[in-house]
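Notes follow once the structure below has been shown.
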Amino acid sequence: MDELVTLIGNIGFPIAVSVYLLTVFGSKLDRMQASLDRLADLIQAALRINGSAVTP
């Protein structure tokens, strides 16, 4: 029984930290993706204004 408690204690902390980091970085990655999408749209619009061909 003591071995089980020790195993859960040792494994539980890294799992908790991993879940926390995934939630924090996940929201930041979503915001970064939105910013990159907006930047790509602005670049395409600027190139269209200048008469350059834009291909994805």
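Taking the 0 to 90 degree range and rounding to the nearest ten, how far is the long axis of helix 2-49 tilted relative to the main principal axis of the chain, both from C-alpha atoms?
Compared with the principal axis, the helix lies near 0 degrees.
Taking Rh as the Kirkwood radius computed over C-alpha pairs, what is the Stokes-Einstein D of the chain at 25 °C in a medium of viscosity 0.890 mPa s, expressed in µm² per second?
163
Each reported figure results from applying straightforward, stated rules to the coordinates on display, with no laboratory input. Computed from a prediction, not measured in an experiment: that's the story for all the values here.
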